[in-house]
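Working notes for the structure below.
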Amino acid sequence: MKERVRESWSGPISADYLAKQAEYGWRLVNVEWEREITSQAPLVFREKVPFGLRVAADAQHLEENPEEVQALLFIMEGIVADKRLSQIAVDLNRAAIKTRSGQPWGPGEVFELLPRLIEVGPRIFSSEEWIARREQLFRAI
């Protein structure tokens with residue numbers, strides 16, 4: 001069993017304080033640094049743009065990425081047709097559809113997009129393109 005204590009600190013830590021804590025059996029395991037930032041320093045967000053979208057030319061909003069939307073539609077077709085993820089990856093590669101990084105698809109890459117498909121599913125299912133694809137898909141089944 002371990003006991004942990006977190007202390008807020010506002011000034012420099014002295015060597016005497018660290019030695020005293022060590023005498024009590026405490027061991028330093030973490031240091032967290034904080035500083036004030038100036039208004040000149042821009043905030044940088046490192047979030048990935050969701051698959052199927054891209055940063056618009058005005059850099060103010062996101063817009064659909066047509067190539068990635070096609071990949072999402074292709075994956076959705078495979079799922080509706082009850083294909084294995086590995087087969088969907090093979091089909092994507094045969095159709096020369098690349099991942100965002102330009103690499104070939106594998107089942108892992110398809111699997112990673114499942115949460116995104118759930119998120120955009122309602123939009124996909126109501127699109128005219130999906131309705132046309134669905135009719136062709138059900139004729140083939």
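The values are calculated or read from the model by the stated rules, or taken from the named source; none is laboratory data. Model, not experiment: these values are computed from the prediction. Cβ sites come from the backbone with ideal geometry, for glycine too, and all protein chains shown count toward neighbours.
Could you please find all residues in the stretch 47-57 being surrounded by fewer than 18 Cβ atoms within 10 Å (Cβ to Cβ) and touching a residue at least 12 places away in the same chain (Cβ under 8 Å)? Don't jump to the end; show me each part of the working.
Of the residues in the stretch 47-57, the ones surrounded by fewer than 18 Cβ atoms within 10 Å (Cβ to Cβ) are 47-50, 53-57.
Across the stretch 47-57, the qualifying residues are VAL49, PRO50, LEU53, ARG54.
Could you please let me know if LEU85 is under 14 Å from PRO50 (Cβ atoms), touching a Phe, Trp or Tyr at 6+ places or on another chain (Cβ under 8 Å), touching a residue at least 12 places away in the same chain (Cβ under 8 Å) and not β-branched (Val, Ile, Thr)? Working first, answer last.
On the way: under 14 Å from PRO50 (Cβ atoms): no; touching a Phe, Trp or Tyr at 6+ places or on another chain (Cβ under 8 Å): yes; touching a residue at least 12 places away in the same chain (Cβ under 8 Å): yes; not β-branched (Val, Ile, Thr): yes.
No; evaluated as a whole, the condition is false for this residue.
So VAL44 clears everything in (1) of a type in the set (A, V, I, L, M); (2) at pLDDT below 90; (3) exposed (fewer than 12 other Cβ atoms within 10 Å of the Cβ); (4) over 19 Å from the mean Cα position of the chain (by Cα) except one condition, right? Which one?
Result: VAL44 passes all but (4).
Regarding ILE79, is this residue over 14 Å from PHE51 (Cβ atoms), assigned to a helix (DSSP H, G or I) and either in contact with an Asp or Glu (Cβ under 7 Å, 6 or more places away or on another chain) or without any contact (Cβ under 8 Å) to a residue 40 or more places away in the chain (or both)?
yes
Filter the stretch 58-70 down to the residues that are in contact (Cβ under 8 Å) with a residue 12 or more places away in the chain and within 20 Å of GLU47 (Cβ to Cβ), then identify the one that is surrounded by the fewest Cβ atoms within 10 Å (Cβ to Cβ).
LEU62
I'm checking my understanding of the structure. Among residues of the stretch 73-87 that are touching a Pro at 6+ places or on another chain (Cβ under 8 Å) and under 22 Å from PHE138 (Cβ atoms), which one is surrounded by the fewest Cβ atoms within 10 Å (Cβ to Cβ)? Working first, answer last.
The initial filter retains those residues of the stretch 73-87 that are touching a Pro at 6+ places or on another chain (Cβ under 8 Å), namely 84-86.
Next, from what is left, pick out any that are under 22 Å from PHE138 (Cβ atoms): 84-85.
Numbers: ARG84: 11, LEU85: 19.
Applying the filter and picking the extreme gives ARG84.
Hey, GLU32 hits all of (1) part of a helix (DSSP H, G or I); (2) exposed (fewer than 11 other Cβ atoms within 10 Å of the Cβ); (3) charged (D, E, K, R) but one; which does it fall short on?
(1)
Kindly list the number of the only condition in (1) of a type outside the set (Ser, Thr, Tyr); (2) in a helix (DSSP H, G or I); (3) closer than 30 Å to LEU113 by Cβ that fails for ASP16.
(3)
Select, from PHE74, PHE51, the only residue that is outside any loop (DSSP other than H, G, I, E, B) and within 30 Å of ILE124 (Cα to Cα).
Numbers: PHE51 fails: outside any loop (DSSP other than H, G, I, E, B).
So the residue among PHE74, PHE51 that is outside any loop (DSSP other than H, G, I, E, B) and within 30 Å of ILE124 (Cα to Cα) is PHE74.
Residues of the stretch 90-103 being touching a residue at least 12 places away in the same chain (Cβ under 8 Å) and more than 18 Å from GLU77 (Cβ to Cβ), which ones?
Residue satisfying the conditions is ARG100 alone.
Are any residues in the stretch 2-24 surrounded by fewer than 10 Cβ atoms within 10 Å (Cβ to Cβ), farther than 19 Å from GLU34 by Cβ and among the basic types (Lys, Arg), and if so, which ones?
Those that are surrounded by fewer than 10 Cβ atoms within 10 Å (Cβ to Cβ), farther than 19 Å from GLU34 by Cβ and among the basic types (Lys, Arg): LYS2, ARG4.
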